[in-house]
Amino acid sequence: MSNLPHPGIASVELDEFQYDNRIVRNFAIATILFGLIGMLVGLLAALQLVFPDLNMDIPYLTFSRIRPLHTNAVIFAFVGNGFFTGLYYSAPRVLRAPMWSPVLSRFHFWAWQFIILAAAITLPMGLTTSKEYAELEWPIDIAIAVVWVSALINLVMTTINRRTEHIYAAVWFYIASFVTVAMLHVVNSIALPISLFKSYSVYAGVQDALVQWWYGHNAVAFFLTTPYLGLMYYFLPKAANRPIYSYRLSIVHFWALIFLYIWAGPHHLLYTSLPEWAQTLGTVFSVMLIAPSWGGMINGLMTLRGAWDRVREDVVLKFFVVAITAYGMATFEGPMLSFKNVNAIAHYTDWIVAHVHVGALGWNGFLTFGLLYWLFPRLYNRPLYSQKAANFHFWIGTLGIIFYTVPMYWAGWVQSSMWQEFTQEGLLKYPNFLETVTQLAPLYFLRSVGGTLYLIGFVVMIYNLWMTALKGKLVPTETAKAMPLSAIWHASKNEYWHRRIFERKPLALTIFALIAVAIGGMIEMIPTFMIKSNVPTIAAVKPYTPLELQGRDIYVREGCYVCHTQMIRPFRAEIERYGEYSKSGEFVYDFPHQWGSKRTGPDVHRVGGKYPDSWHYNHMEDPTSMSPGSIMPRYGWLLEDDLDTSNTAAKIRAMQTLGVPYEKDYDKVANADLTRQAKEIQGRLKQSGIKTSENKEIIALIAYLQRLGTDIKTDKQ
């Protein structure tokens, strides 16, 4: 980048300013702290699939509640704070300007940690929307939007007030990440509150599933991928002491990636009730994503040309190389999984868990570790405390990734093969779903071993960085000088078009990035919402009764969707096992949908009427009493806790607002109907020898489970 004064200016007075390292240090500490917590929770969740009693019959430690806590902690607390650490260090330096507002920077830090703390409290309490990667309730969602937009404003204003002509590639990715996540979060989180910590998504069934996975896939894209690509574009050249391989490749990488990525969400819904045209769009754009994704990987790895000999000695470069390689592997596998024939094998299995963790542990984890190892000696003005410890972390972390992912890939093949295998007589070879679960225990144990190895490496890093900081002294600010933008030489009209249009104009870059990511979502969502033929109605489908609605909310609170799907795909094996495949019109009153994304347990969409009420009661009290060998935890508190019916009327009114056709003033008599149905279930339980009160939560949950899939008549009923 040219930094020459205009001709005719004899001398230019340089601006003196300071980079703030304290905000970088704060985010780095938060990254380490919440990374440790998130990984410990993840390890506990993994062990519970081998030893279900590890929840100690405590609701707040149950797998289905702590699994969302683990994903939120790792994504938003560990990776989020890791991104902000690198952002607040790199952005001011490539823009040659301090952050525009130190107040907004500090607000960003403290408010973000408050949001994480709120998530850590509410999710184990069962306060959840059940929308994957967006489980937090509406007050926290509002806080996220405010904090995120404030950080975007701070970054864009810093870019406007820069002291360099052109905006470096890292900042393109930072801006696109902030813009897109803000859009995704706001659209997906629109909900109708009924209390401080309870709301209903304004979308139902098919539409909700489309919006959710438009968000879910692109949360991975624009929270776990593009921000870290920005970090790669800054920290890899710094660590290698070489310029990025190709400026023009970075342009193609950036614009193609953000435009194509946003379309790919429907590939999470292949063979579901989503309209076929939307599924096809998701597949087509997912396959095209290989090109820009691998363009970024190639740009990163080729930057190391002439520096590969240093990779043997430099632990930071080791972490970066494995991270970029893992990014390439994950972004090749993702498009492959969008092919229908591959998706039919992998979806709902542990293969997807392996795929996700190649990216999370390899790409995000290792890039964060390399970034921290590079930063701490500079923040504390002393060499890293122990290179040997850092190398130990690298190798045990790599071993941890292998021990985690290989068993999960194998588990995925085992699951899919057993689910779909038939005998010579044309019958399911393993009709009992539990037969597939018991085969996975050794693989789940190996997965926990891998997680333990990875965690050990993380703890070694904490000690190493702690000692580095202890033996050094924080450099709170760094003084720098640069010419003001107005005094910098402006290139000729022959300047490359991208520099002239976007790299001089941060607002244009921001607006065009927003347009690029908005197009795909609008084209997919608007027809799905506006054209009724996308979701054909079924006259037999009626609204949930008040007791069933309360039971559904308990199902959501307990996180049952984490292990059970409610979507039977049109496969012979699934129809034989579960019943008639799921129709889009069956979900029109599901706010939000409960299709799920993983089958640790069987699909429950047609479970209504399959078992007597007593079976469900006993199953919740002790799953092994009904299913010997089950790894499902006990839910004994449902048998003891009273059902709160004080909010029934508010829930009915909310449903009416969302278009559910309850009769006028039905909210006033809803609890009477609730009590009547509850007494019927209580009576049936009594006939089976089970004595319980009609006002227990288990009664409502049984009502909901017995309703599932019964609106339409099938051969299995």
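The figures follow:
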{"item": "Heavy-atom accessible area per residue - segment 91-245, 1.4 Å, Å²", "result": "29 Å²"}
{"item": "Heavy-atom accessible area order for THR710, THR510, largest first, 1.4 Å probe", "result": "THR710, THR510"}
{"item": "In degrees, nearest ten, helix 138-160 long axis to first principal axis of the chain (Cα)", "result": "20 degrees"}
{"item": "Given charges at Cβ of Lys, Arg, Asp, Glu: the chain dipole, positive-most of MET302, THR368, ALA518", "result": "MET302"}
{"item": "Size of charge dipole - the chain - debye, nearest 20, with Cβ of Lys, Arg +1 and Asp, Glu -1, no other charges", "result": "1940 debye"}
{"item": "Angle in degrees between helix 648-657 and the longest Cα principal axis of the chain, rounded to the nearest 10", "result": "70 degrees"}
{"item": "Net charge of Cβ neighbours under 12 Å - reference HIS593; Lys, Arg +1; Asp, Glu -1", "result": "-2"}
{"item": "Share of Cα-Cα pairs in the chain lying beyond 32 Å, as whole percent", "result": "54 percent"}
{"item": "Segment 484-543, dipole about Cα centre (Lys/Arg Cβ +1, Asp/Glu Cβ -1), debye to the nearest 20", "result": "80 debye"}
{"item": "Interchain or long-range residues, amide H under 5 Å from THR645's placed H", "result": "none"}
{"item": "Placed amide H near THR477: partners under 5 Å, 5+ positions off or other chain", "result": "ASN21"}
{"item": "Vicinal HN-Hα couplings computed from phi for segment 451-465 (Karplus, 6.51 cos²θ - 1.76 cosθ + 1.60; Hz; Gly/Pro x)", "result": "x, 5, 4, 4, 5, 4, x, 5, 5, 4, 4, 4, 4, 4, 6"}
{"item": "Equivalent-ellipsoid semi-axes of segment 579-669, from the Cα gyration tensor, Å, largest first", "result": "30, 20, 12"}
{"item": "Normalised contact order of segment 384-490, rounded percent, pairs of Cα under 8 Å and 6 or more residues apart", "result": "43 percent"}
{"item": "Whole-angstrom gap from segment 211-263 to segment 302-357, using each part's C-alpha centre", "result": "14 Å"}
{"item": "³J(HN,Hα) computed for each position of segment 624-633 - Karplus, 6.51 cos²θ - 1.76 cosθ + 1.60, integer Hz, glycine/proline x", "result": "5, 5, 9, 9, x, x, 4, 9, 6, x"}
{"item": "Estimated vicinal HN-Hα couplings, Hz - segment 539-550 in sequence order (Karplus 6.51, -1.76, 1.60; Gly, Pro = x)", "result": "4, 6, 7, 10, x, 5, 5, x, 5, 5, 5, 5"}
{"item": "Once the Cα gyration tensor of segment 266-399 is diagonalised, semi-axes √(5λ) in Å", "result": "36, 16, 12"}
{"item": "Heavy-atom accessible area order for LEU127, LEU184, largest first, 1.4 Å probe", "result": "LEU127, LEU184"}
{"item": "Distance violations [Cα-Cα > 19 Å] among LYS542/LYS691; LYS131/LYS598; LYS542/LYS598; LYS318/LYS388; LYS429/LYS713", "result": "LYS542/LYS691; LYS542/LYS598; LYS429/LYS713"}
{"item": "Solvent-accessible area, 1.4 Å probe, carbon plus sulfur percent, for the chain", "result": "64 percent"}
{"item": "Ordering of 355-364, 445-454, 637-646 by burial proxy (mean other Cβ atoms within 10 Å per residue, highest first)", "result": "355-364, 445-454, 637-646"}
{"item": "Computed magnitude of the charge dipole of segment 269-395 (debye, nearest 20; Cβ of K, R +1, Cβ of D, E -1)", "result": "500 debye"}
{"item": "By accessible area with a 1.4 Å probe, ligands and nucleic acids excluded, highest first: order of ARG676, ARG499, ARG577", "result": "ARG676, ARG499, ARG577"}
{"item": "Pair THR692, GLU478: separation of 7 Å Cα→Cβ label points (nm)", "result": "6.2 nm"}
{"item": "Whole-Å distance, taken between Cα centres, linking segment 645-704 and segment 113-158", "result": "32 Å"}
{"item": "Nearest-ten-degree value, helix 670-687 long axis tilted from longest Cα axis of the chain", "result": "60 degrees"}
{"item": "Over segment 1-115: Kirkwood hydrodynamic radius from C-alpha pairwise inverse distances, Å", "result": "17.2 Å"}
{"item": "Equivalent ellipsoid semi-axes, segment 135-197, via Cα gyration tensor eigenvalues times 5, rooted, Å", "result": "31, 11, 7"}
{"item": "Global geometry of segment 414-517, whether rounded, prolate or oblate, following the gyration tensor of its Cα atoms and the 1.5 cut on a/c", "result": "oblate"}
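The values are calculated or read from the model by the stated rules, or taken from the named source; none is laboratory data. Since we're looking at a predicted model, the values are computed, not measured. Heads up, the Cβs are rebuilt from the backbone with ideal geometry, glycines too, and the neighbour counts pull from every protein chain shown. For accessibility, only protein heavy atoms count, side chains too; no ligands or nucleic acids. Shrake-Rupley method; radii C 1.70, N 1.55, O 1.52, S 1.80 Å.
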